[in-house]
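One structure below.
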Amino acid sequence: MLTLLGVAVMVAGFLIRVNPLIAIAAAALVSGLAAGLHPDAILATFGKAFRDSRYVTLVFLVLPVIGILERYGLQERSRQLIAGFRTATPGRLLLAYLVIRQAFAAIGLTAVGGHAQMVRPLVAPMAESALGEDAGKASRARIRAFAASADNVGAFFGEDIFVAVGSILLIKAFLEQSGVIVQPFELSLWAIPTAVLALVIHGTRLLLLDRRTATSDKGK
Amino acid sequence: MLTLEHAYVFAGLVFAAYAVLGLRDRRYANALFWALVAAMFLAGSHVSETTNGAIALALLLLGGSGLLSRGHRETTDRATRMASAMRRGNALFVPALIIPATAVAGTLVAKQMSFAGHPAIDPKQVTVISLAIGVALAWLAATIWLRPPVLAPLEEGRRLMDTVSWAAILPQMLAALGAVFALAGVGRAVGTLATNTIPLTEPLAAVAVYCVGMALFTIVMGNAFAAFPVMTAAIGLPLIVHTFGGNPAIMGAIGMLSGFCGTLVTPMAANFNIVPAALLDLDRNAVIRAQIPTALVLLPANTFLMYFLVFRFGTH
């Protein structure tokens, strides 16, 4: 029961807003010691899992390419492109991106999208440009935040429809360890209702964004 | 065969370059931080688990110390960029799209590609390896076409990396914390606590505690993958499936997605919530604020969805 102190450390760190890295170091130590582990064993366990999950950090390899293209005007080009479409609004544009992102994720192509590759250089500048020239700073920031949210919601609630994605395999593997056999196909099938709900809820909010932006800027 | 190890060497060299450039720029803390990340990529597979742990600990303390500096000046001004964008037009999108295109192509065709009887790309990690290949191709294409100064991609990469800062290694650290928690038996303890304190005699109560618990545990751990084994062993399997006869596939699928509602609102899920806020020049919690209402509607909707489906299509 004492090992739960590790979870308590994480919650406390969260509440008093210490740097999450410090909270993680403290939580690992507290939880391990409370379970009677030797500090060396805690360090080795932490180190092994840290090493084995290095692939997560590989995504930052895209930054030099995105950076060099931005130096030659990638973001500006994204804005110019959207400025040519008179009917584009931020809400409609982000809804289109949400649908595309979710559809691609549902067929296993989560690589199409991402904050560094797509949102920063392409989607966010396009959505901001659709706001028009005279939009306020707060409206622009809100649109950029929603551009990131469209990427997240699309990816999270699309990927589980694909049978071979990590979370589906994790569910299957864990249930199997516990003696319950399920087929990946069933799991992806039952991910569909939530996927539809997520699309409807977040999609509606994106469209409402246009109305909210229009009224808030009128007052300025 | 191209393996993850090749991608790690590539990443290690890039981070080593950030360290050297940071040193030249007198950002010593940043230089040390990226040097440690480079060591993790280059040496991680060849040194002991304890040494990896020591590298991780150094990153935790340095990253948490507040010594890392952010903020670089733009390398070219807005007028230059506008002019370049006008002149080069939509061709600028091509190198950017090489990366996802290669990742997709790799994912789709890697199984068929082989070299002297061995697969050309390690089939288990095909998406991340293809991503690294895509980066190499796009880097080459941009260099040949735009002819920037040789160090420019690395300088630009370092500029963006310093913006992301310590949040870059948070997901890896949370995975490592999950391993320590597993060894320490945190999952079992949560299960005991939940079943002893909340009376779960009604199917709806069990479903609600399971779904909300998935979200809450994900908020703390930053990752639904860490929450799933804990909550499913504690409540999902013993109560929803075994006691009330629910369908395990429906429980698993909707349970995991309830966890994702937690991912939408936690700063611990740094790569989804904090990294984009940094990349988009936003307040740290701006992306989370945009996602909270969606999560607050979706989580109860999911709970009722599970309640109505899981017993209707039950297996017993």
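List of remarks:
- Shielding by partners - mean other protein chain Cβ count within 10 Å, residues of B:13-22: 1
- Rounded to the nearest Hz, the phi-derived 3J(HN,Hα) couplings of the range B:86-91 under the Karplus curve 6.51 cos²θ - 1.76 cosθ + 1.60 (θ = phi - 60°) are 4, 5, 8, x, 5, 4, where x marks glycine and proline.
- Global form of the range B:40-83, assessed from the alpha-carbon gyration tensor, a/c cut-off 1.5: oblate
- Fraction of C-alpha pairs exceeding 25 angstrom in the range B:43-147: 55 percent, rounded to a whole number.
- P(r) weight above 11 Å for the range A:124-167, C-alpha pairs, percent: 68
- Cα extents for the range B:95-236 along the principal axes, largest to smallest and rounded to whole angstrom: 68, 42, 29.
- Considering the range A:48-96 at the alpha-carbon level, its Rg and Dmax are found to be 17.3, 54 Å.
- Shielding of A:32-39 by partner chains, average beta-carbon count, 10 Å: 3
- The range A:7-78 versus the range B:245-316: alpha-carbon centroid distance in Å: 21
- Sequence-separation-based contact order of the range B:219-316, relative, with Cα cut under 8 Å and 6+ spacing, percent: 37
- Taking each residue as 0.36 nm, the span from residue A:99 to residue A:19 lengthens on full extension beyond its C-alpha to C-alpha distance by 25.3 nm.
- Kirkwood Rh and Cα Rg combined as Rg over Rh, evaluated for the range A:122-220: 1.20
- Shape of the range A:17-69, Cα gyration tensor, a/c cut at 1.5: oblate
- If you plug the beta carbon distance of residue B:45 and residue B:308 into 1/(1 + (r/R0)^6) with R0 = 56 Å, you get a FRET efficiency near 0.70.
- Exposed trypsin sites (Lys or Arg not before Pro) absent - longest run of chain B, DSSP non-H/G/I/E/B, at most 16 other C-beta within 10 Å: B:112-283
- For chain B, the extents of the C-alpha atoms along the principal axes are 68, 47, 45 Å, listed from largest to smallest.
- Under the Debye formula (equal points on every Cα, no solvent term), log10 I(q)/I(0) of the range B:1-75 at q = 0.12, 0.15, 0.18, 0.24 Å⁻¹: -0.37, -0.55, -0.75, -1.10
- Sorting the Cα pairs of the range A:1-45 by distance into bins of 5 Å, from 0 upward, gives 5, 27, 29, 21, 13, 5 percent per bin.
- Mean separation of Cα contacts under 8 Å, 6 or more apart, over the residue count of chain A: relative contact order %: 19
- R0 of 45 Å, Cβ-Cβ distance residue B:205-residue A:137: FRET efficiency to nearest 0.05: 0.45
- Exposure proxy order (Cβ contacts within 10 Å, fewest to most) of B:232, B:195, A:110, B:107: B:195, B:107, A:110, B:232
- Rg and Dmax of chain A, Cα atoms only, in Å: 21.9, 66
- Stokes-Einstein diffusion coefficient of the protein assembly as shown, Kirkwood radius over Cα pairs, 20 °C, 1.002 mPa s, in µm²/s: 89
- Size of electric dipole in chain B: Cβ of Lys, Arg +1 and of Asp, Glu -1, about Cα centre, debye, nearest 20: 600
- The per residue volume of the convex hull around the alpha-carbon atoms of the range A:1-125 is 179 Å³.
Every number in this text was worked out from the coordinates using simple rules, so none of it is lab data. What you are looking at is a predicted structure, and each value in this text was computed from that prediction instead of being measured. Neighbour counts are summed over all protein chains in view; Cβ atoms, including those assigned to glycine, are modelled from backbone coordinates with ideal geometry.
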